[in-house]
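Have a look at the structure below before the remarks.
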Amino acid sequence: MNPDILKERQNATLDVEKLVNILDGGSERTKRRREIETLVLNDPAFKEEDPNFLSRSERYDQAVRKSAQMILKLREYGIADPNEIQFYKSCVHPGRPEPLDLHLGMFLPTLLNQATPEQMDHFFMPAWNLEIIGTYAQTEMGHGTHLRGLETTATYDPATQEFVLNSPTVSSIKWWPGGLGKTSNHAIVLAQLYTLGNCHGLHAFIVPIRDMDTHEPLPGVVVGDIGPKFGFSEVDNGFLKLENVRIPRDNMLMKYAKVDPDGTYAKPPSSKLTYGTMVFIRSLIVGESGRALAKSCIIAIRYSVVRHQSEIRPGEPEPQILDYQTQQYKLFPLLATAYAFTFVGQYMNQTYHRITGDISQGDFSELPELHALSAGLKAFSTWTANAGIEVCRMACGGHGYSRSSALPDIYVEFTPTCTYEGENTVMMLQTARYLVKSYRQAKAGQQLSGIVSYLNEAVRVQLQPVSARPAVVNISDLSSLVEIYNCVLPFWSS
């Protein structure tokens, strides 16, 4: 143990184990997490070559091998809890994406949330057993965040009771889905639904893309890898062009929207239900922002403890760079932010599951709130964490530029979160639009609930004469600070 780190830990005034339990959600979860961590770290099946010295193809091959072993081990140990699966996965692929990310994180959740019971019977267990390996094909060459602009078409043919899928333009080619380039044999494709001559907007379709025996592309399917990226070397992000690809009517996910055999269309209770998987990933990204920033802070702060620099007085030892106020000013606020994002990530996860539970019972009242909350938090947390990771890297001087520090890889693997699942500027604008609408409703006398209920009081205070408002605020009192945030409103027009 480095003596500088040992000294800092001995001087700590907080109960580290208690804090760990809080972060894990209880002592039992901490115990279970450590058990899983030990299982992975002591398993020779997960030993790997240093990826820093491997080519992109070698990194992908190594990741595929480890992912296959991971699935076998999960079955062997009987690990089925989603949280435990996620932690096991994060231990197998520490801080790095892997080829099954979209299968586990988007394909399976989409089936759970949008498939009928019959479709679950047909598709889910084969997907769970990795007979079907899926991806989620939404983004196209020409459109990403503007989902209504997606051009892929799915036209219903009543004569054969099939959907005919096409990529009519170069800009309609699906572009970026992870696992599409080499790994997947199925894709959930978002396409504009046409039936009986009418367009009904985006809907989700399960499309086989590769032969289940040979893994060769099926007729009418043009698919492949998009090539090297800024990071994500372990993931085969791909492209997909569909040329008159026919799938059965039952391959349209019909838990909410439906197309009858004769082509009659029944719309869903809300058009936003099609985007449920994207909202799910946005919810996860908030917590991931906390984890990525926390890892960066840990590296930078430990480095600042062991690194000594600059002789302040001739002949005296060089001080730890953590003792410099400028270093503390860089790193300590980021550490606090990492904790904040960790806790708000837990809140976002709980909120998502609560609201989606209500949706499954037919209550769609909080769906707009879920969209606004996930969009705004996703944008704010990823922008802040992305900038913070770079501050941590530079706080390590030249050593932070080495990939051996792990900071360059943390940065390149995290930075896409600012643009995938919704470009951040657009996400902020969507949340702003929801807030403006809510403010106008409150100002018109409507009582708001949920995350915007504070606007009820804010409008009441705003309508008071200036002389009636409190003149002094105690900035050391958290409740006073919350009250200020509640009352500080932009100059929105009504």
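The values are calculated or read from the model by the stated rules, or taken from the named source; none is laboratory data. No experiment lies behind these values; they were computed from the predicted model shown. Using ideal geometry, Cβ is built from the backbone for each residue, glycine included, and neighbour counts are taken over all protein chains shown. In case anyone asks, the SASA skips ligands and DNA or RNA and just uses the protein heavy atoms, side chains included. Shrake-Rupley method; radii C 1.70, N 1.55, O 1.52, S 1.80 Å.
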_For region 23-114, size of Cβ-based charge dipole, Lys and Arg +1, Asp and Glu -1, in debye_ = 80 debye
*Relative contact order for region 182-300 using alpha-carbon pairs under 8 Å, separation at least 6, rounded to a whole percent?*
19 percent
*If the cut-off is 17 Å between C-alpha atoms, which aspartates and glutamates fall inside it for residue 295, apart from same-chain ones fewer than 8 positions away?*
24, 37, 390, 409, 413
*How about residue 258: which lysines have a C-alpha closer than 18 Å to its C-alpha, ignoring those fewer than 8 places off in the same chain?*
267, 272
_Ellipticity estimate at 222 nm from DSSP helix runs (n ≥ 4, -39,500 (n - 2.57)) divided over the chain, nearest 500_ = -14500 deg cm²/dmol
_Charged-residue dipole, Cβ positions (Lys, Arg, Asp, Glu), the chain about Cα centre, Debye nearest 20_ = 1140 debye
*Report the extension gain between residue 222 and residue 484 in nm, rounded to one decimal, defined as 0.36 nm multiplied by the number of residues separating them, less their alpha carbon distance.*
88.7 nm
*Cα-based reach from residue 31 at 13 Å (exclusive), listing aspartates and glutamates while leaving out same-chain residues under 8 positions away*: 17, 84
*Of all accessible surface on the chain at a 1.4 Å probe, what whole percent is carbon and sulfur?*
57 percent
*Note down the relative contact order for the chain as a percent, whole number, built from C-alpha pairs under 8 angstrom at least six residues apart.*
11 percent
*What full-extension length gain, to one decimal in nm, is calculated for residue 365 and residue 27 as 0.36 nm per residue of separation minus the Cα-Cα distance?*
118.1 nm
_Among 359, 128, 70 - extreme Cα towards positive end, dipole of the chain, charges at beta-carbon_ = 359
*Taking +1 at the Cβ of each Lys and Arg and -1 at the Cβ of each Asp and Glu, which of 324, 337, 386 sits farthest along the dipole of region 285-400 towards its positive end, judged by Cα position relative to the Cα centre?*
324
*What helices does the chain have that are whole DSSP H segments, at least 20 Å long along their own axis by Cα, and with mean Kyte-Doolittle hydropathy of -0.5 or more?*
276-306, 325-360, 367-395, 424-443
_Charges at C-beta only: +1 for Lys and Arg, -1 for Asp and Glu. How large is the resulting dipole of region 146-255 about its Cα centre, in Debye rounded to 20?_
340 debye
